[in-house]
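Worksheet: one structure, shown below.
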Amino acid sequence: MNSLELLSEFETFLQKKKDTGKKIIAFLGHDNIPIELLEAADFFPLRMIFAGDDQLMNSSNTYLPPSTCSFAQSCIGYFTLTPRTHKFLEYVDYFLLSNHCVSDICVSEIISDVADLKRLDFYVPYYRNENASKYYKIELTNLKNEIEKLTRERIPDYKIRDSIIKQNDFKKVVKDISNLKIKGYEKLKLYQKAMLFGPNVQPELERIVEKHRDHNEINLKEYKNLLLTGCSIFIDDFLIDLIDESGGNIVHFDTWIGHQYYSQIFSQETLEKIQDPYKLLIKRFETNVYGDHCISHSLENQINSIINYINQFKKENPNMEDVAVLNHIIKFCDHFSLFQSTFKQKLQEKGVKVLNLERDYSRAMRGQLRTRIEAFMEMI
Amino acid sequence: MSVFTDDIIGFKSVLRLAYNFLNGNSYLKRQKFKERKKLISVALPFSDLIFASDAVPVFPIRMEKFNIHPYLTALDTAKNLLGWNWTTKLLTIARKFDFLEILDNVLDDVIYTINDKYNELYDLAIDNGIPSDFCYGITGLTGMFISKAKNLDANINFTIRCSAWNKYSETLQDYVPRQIWVDIPPRNLDNSVELLADNVSKAISDLEDVTGNFVTDNSLKKQFRIGNQIKRFYKTILFELSNSDFYPCNPATFAEILALLGISFQDYNSNAQRYLENFSDLVKESRERIDKERGMDVSDMPRILVTPVFGGWEPQVHEILYDLGARTIYADWEILNLLEEIDVSKNSDPIRSYAEFLFKPTTYGIGYNQEALTDSYIETAKELQVDGIVFNQVFGCHSISNCYSRLRKKIRRKLEIPTTVINFNKIGENVEQVKTRLGAFMEMFHL
C-alpha cells in the first residue's frame, strides 16, 4: 500500500468516525500523550505524523522563522495551506498542545489559533524522577478535568483502564510486526498505519502477522542492514524510498514510530497488580526510558538500546555483516541535532558505523540525500 | 571613537564592574586554590543557591583570560596602591593629556573584548562538532565548557521550556561530571510548588555534598537579601534612570552599562557582596551626575527596547540607534521576571520562597507558552514606557525568537508603538543589514 492509498483510506475512516459523532483531537505525535484518556472521553486521537514538502514549509513562514524544524513548519502548513493537502484535517475539532519539544508548544498554539480550534494543554515533565511522576499525575488530572469541562461528561476510570488494555494489546501486535522477516520498507508502512488508525486496524494487522509469521521473506544477506534512529520517518516521506533504492534495509526502527512505541507494553502482571488507570499511565511515563523528551540520560539510554539491538542481531545472524546506524535528523531538531557528533563518536568507539543524515523536507535535497546514502552503503 | 570611553572614566562603579568581569580568571584562581572554594558553573541568573553553599558561581566565560589592555592592568596596580577613588581621579587627569587617545582604546576594549571572546568560543564549539544551526547562546556556552570546564567542581542546571537548552544541559556531563539539577515543573499547577521546593532541597543537598558546607535557612535568606537588594538597584536603573530626561552619560554608554549588567548578573561577578556594592555605587554615582548635570539631555530621544539579547545580539545596535537619535534599553531579566524578589520575611520558608520565585519566570516571564511570553513583553514595555521595540530574532532559537509574529500583532493591538525585527546569527556578521533595518525603523519616529 502506498501513502496515497493509506491517506485515502484514512480519509474515509475519519469521515465515518465523524459521522458517528466522534470528536477528533489532533496533536504532534509523540510518546507521552495519554491517548487512553482521550479515547475514554470518546475522542479519536489523530497523530500528526505526516512528512512535509517545500510548499507546506513555506506556508509557515508567516508565523515562524525559517530556522524552525521542517516537520514543525509542515504541520502548520497542513492547517494553513489551501486547498488543504489532507482534507481529513478539516474534521479536527480540538488540538492538544504538548511540550515534547518547544516547537511542539509553538506550533500547537499557532495551529489552534489559525484553524480556530479549541486547545487543550498537556505538559510532560522534563526530568524523570519521583517528583516528575507526581507532576505527571497533576497534568493527567488537569487534562481530565479540562476534557470533562468541555464535554460536560465524566470520564469514568474503568473506561480509561479499558482503553489502556486495548492499546496495550494493540502494541503487542505492533511488536509482532517488528519480528516479521519482511523488508523494513514494508514494516514502516505497517507501523505508520498502526500509528494512524490505532486499534481500529488490529484485526487487519493480526492477519498480516499471521500470514508472515513463519515465513522468511527477506534474505538479509542481499541488503545493507541498517538501524534507523533519531527522528521518525513520517507518512509520505521519500527517505525510505531512497534507502530502499540504495540497497539498504532497515531491520530496526529505533524511533518513536517503531521501537519506542511498542517498548511501552505493560506486562500482564503489572496490569493485574495496578488497577488504578492513572497509576498505569504514570508507570508508563516512568519506564519510557527510550523516549527523547526527558533528560538527563536520554543519549546514554539511546546508545545502550542501539548496542543491545546490534549485539542481539549479531547473535541471531552470526555470519552477517554488522548492522550500521542511520541517525535521521530533521534540520533544527532540538532533540537529535545537538547530540549528533557525540552520538556518532560514542558509537564509533564501539565499532559501529554511523551516518548522521541531516535534512529538511525540500525536494531539492533529494539528490544530495541519495548521494550521501549511497556513499554510506558503499562504505558498509 | 568609542561612545563608551569619555563617559566611563569618571564612573568608578562601572570601571569596577567591568574590571571584575574581565579579571574573573585570576579572581577565580585565587578562590579555588587559595581560598579552597568550589567553583560551580551557572548560566542564566540562578546563582543564589551556590552562594548560599559558600561556593563560587561562575558564568563560564569568566574563566577565560581576556586580552586586557595594558592600561587596564596598570589600572589594577594603581587600584591596589591607591584605591579606586584615586585611580579614577588619576584617569580623569590622564584623559586630559591623552592626545594619542590611548584611553579610548583601553575602555573601548571592554565590551568588544567580551564579544570577541564570545565569538572565539562560538567557533570553538563549532570546531568541536556542535551544529551551526543552534542558537549563538547555546553554542557559545558549549564553547565555554569545552575551553575551561576542567576547572569546575560542578555545574548547576535548571530545566526550562526550551528543549535545546535542556538537551544542551544534558550534554554538559561530558565536560563536568558532577551535575546538579533543579527540575522546574513546566507549569505551576496544583501542588507543583511543593514538588519544586523538594527539587530545590535535593539540589541543596547536592551542593552540600560538593562543598562540604552546610546550607542553613539563614545562609539562604542572607543570600536572598543580597540578591533582592541587587534586583532593587537593577530595577532603579531600568525604571528610574533609564526613564529620566537627563542621563548620567550618553545613551550609548548607558546601553553599554545595561549590557554589562545583563551579562554579569548571571553570576554577580562571582562575589555577591562586591557586586551589590558596585550596583549601589552605580545608582549613587548616576544620581550624583544627574544632579550635577553631568551627562546628556535625552528628552527628545525615543526609548527603544531591544530584546532578547541574553542569547546573543549584535552589540553595535545601541551605537547605531544612538547615531539615529535613539536611546537603547536592554531589559531581558525584567521581561523574563528574573528581577522578582524572593520572600525573606521572618516566618518564611526560604526553600519554598525560592521555589515560588522560580515559578515566576516560568509562569509570567518566559512563560510556559508563547502567549505568556508575549504578554510579558507587552507588560514590561508598558511599565518601561518605551517608544518602540526592536525584536532580536536569534537564528536557531526556537523558544523565544519564534514568538515574533504573535508579539507584533499584540504590539499593534495593545501598545500601538513601532516595532521591527533584526536577525542575529553571530557578532559582526550582519551589521549592514541591521543598520538598514534600524534606519527604516527610526524613520517612523520622524514622520
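Summary table
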quantity	calculated
0 to 90° range, to nearest 10: angle between helix A:130-151 axis and chain A longest Cα axis	50 degrees
Per-residue HN-Hα couplings for segment A:231-247 [Karplus 6.51, -1.76, 1.60; θ = phi - 60°; Hz; x = Gly/Pro]	7, 5, 8, 8, 4, 6, 8, 7, 4, 5, 5, 4, 5, 4, 5, 8, x
Distance (nanometres) between label positions extended 7 Å along Cα→Cβ at B:His446 and B:Thr77	4.8 nm
Members of A:Lys279/B:Lys222; B:Lys37/B:Lys231; B:Lys148/B:Lys426; A:Lys193/B:Lys410; B:Lys12/B:Lys222 lying beyond 31 Å, as alpha-carbon distances in this model show	A:Lys279/B:Lys222; A:Lys193/B:Lys410
Cut-off 15 Å (backbone N to label point 7 Å along Cα→Cβ of A:Arg207), residues of segment A:1-17	A:1
Other protein chain Cβ atoms within 10 Å, averaged over every residue that makes up A:341-348	2
Size descriptor, Kirkwood hydrodynamic radius, that averages inverse alpha-carbon separations across segment A:97-222, Å	17.9 Å
Signed unit charges on C-beta, dipole axis of segment B:236-339, positive-most listed residue B:Leu258, B:Ala326, B:Ser280	B:Ser280
For the protein assembly as shown, accessible area per residue (1.4 Å probe, heavy atoms of protein chains only), Å²	38 Å²
B:Val182 long-range amide H proximity, modeled H, under 5 Å	B:Asn157, B:Phe158, B:Thr159
Surface/4 estimate of mean projected area, convex hull on alpha-carbon atoms of chain A, nm²	18.3 nm²
Filter on A:Lys144/A:Lys171; B:Lys38/B:Lys202; A:Lys87/A:Lys144; A:Lys17/A:Lys166; A:Lys134/A:Lys189 - keep pairs with C-alpha separation over 27 Å	A:Lys87/A:Lys144; A:Lys134/A:Lys189
Rounded to whole Hz, the Karplus (6.51, -1.76, 1.60) HN-Hα couplings of segment A:340-347, x for glycine and proline	4, 6, 5, 4, 5, 4, 5, 6
Distance between segment B:151-217 and segment B:416-447 - C-alpha centres, whole angstrom	38 Å
Burial of 40 Å² or greater, segment B:176-190 residues [accessible area, probe 1.4 Å, versus chain by itself]	B:Trp181, B:Asp183, B:Pro186, B:Arg187, B:Leu189
Kyte-Doolittle mean at least -0.5 and Cα axial length at least 27 Å: DSSP H helices in chain B	B:102-127, B:192-211
Near-label residues of segment B:201-216 by backbone N, under 20 Å of a point 7 Å along Cα→Cβ of B:Arg36	B:207-216
Cβ-derived FRET efficiency at R0 30 Å, B:Glu379 paired with A:Glu90, nearest 0.05	0.20
Separation between Cα centres of segment A:244-318 and segment B:330-399, rounded to whole Å	38 Å
Accessible surface buried once A binds B (1.4 Å probe; total of both sides; Å²)	4000 Å²
Chain A, relative contact order [Cα under 8 Å, separation at least 6], %	18 percent
Residue-span extension gain [A:Arg119 to A:Gln345] - 0.36 nm each, minus C-alpha spacing	77.2 nm
Tilt relative to chain A, helix A:202-212 - C-alpha long axis, 0 to 90 degrees, to 10	20 degrees
Peptides B:325-331, A:172-178 ordered by average Cβ neighbours within 10 Å, highest first	B:325-331, A:172-178
Anisotropy class of segment B:221-308 from Cα gyration tensor, a/c 1.5 cut	prolate
Acute angle (nearest 10 degrees) that the helix A:366-379 long axis makes with the longest principal axis of chain A, alpha-carbon atoms	50 degrees
Highest-fluctuation residue, B:Ser399, B:Ser348, B:Ser280 considered, GNM on chain B with Cα pairs under 10 Å	B:Ser348
Percent carbon-and-sulfur accessible area, segment A:183-379, ignoring ligands, DNA and RNA, probe 1.4 Å	44 percent
Max mean-square fluctuation residue, GNM over chain A, Cα-Cα springs under 10 Å, options A:Val323, A:Val124, A:Val114	A:Val114
Residue-count net charge about B:Gln370 - beta-carbon cut-off 9 Å; Lys, Arg +1, Asp, Glu -1	-1
Sequence-separation-based contact order of chain B, relative, with Cα cut under 8 Å and 6+ spacing, percent	18 percent
Average partner coverage of A:63-74, which counts Cβ from other chains inside 10 Å	4
Theoretical FRET efficiency, 1/(1+(r/R0)^6), r = Cβ-Cβ of A:Ala375 and B:Arg225, R0 56 Å, to 0.05	0.35
Relative contact order for segment A:183-379, counting Cα pairs under 8 Å that sit 6 or more residues apart, in percent	23 percent
Shape category assigned to chain B from the gyration tensor of Cα positions, a/c cut at 1.5	rounded
Residue mean of other protein chain beta carbons inside 10 Å, A:97-106	6
Residues whose placed amide H lies under 5 Å from that of B:Thr419, excluding near-sequence neighbours	B:Ile389
Equivalent ellipsoid dimensions for the protein assembly as shown as semi-axes, Å, which come from the Cα gyration tensor, largest first	51, 28, 27
Net dipole in debye of the protein assembly as shown [+1 Lys, Arg Cβ; -1 Asp, Glu Cβ; about Cα centre; nearest 20]	1040 debye
Carbon + sulfur, % of accessible area of segment B:278-417 - ligands and nucleic acids excluded, 1.4 Å	43 percent
Efficiency of FRET from Cβ geometry, A:Arg363 and A:Thr12, R₀ 35 Å, rounded to 0.05	0.80
5 angstrom amide H check on B:Ile329, placed H, neighbours 5+ away	B:Ile304, B:Leu305, B:Val306
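The values are calculated or read from the model by the stated rules, or taken from the named source; none is laboratory data. Not measured: the values here are computed from a predicted model. For neighbour counting, all protein chains shown are included, and Cβ atoms are generated from backbone atoms with ideal geometry for every residue, glycine included. These area figures cover heavy atoms from the full protein model, side chains too; ligands, DNA and RNA do not enter into them. Shrake-Rupley method; radii C 1.70, N 1.55, O 1.52, S 1.80 Å.
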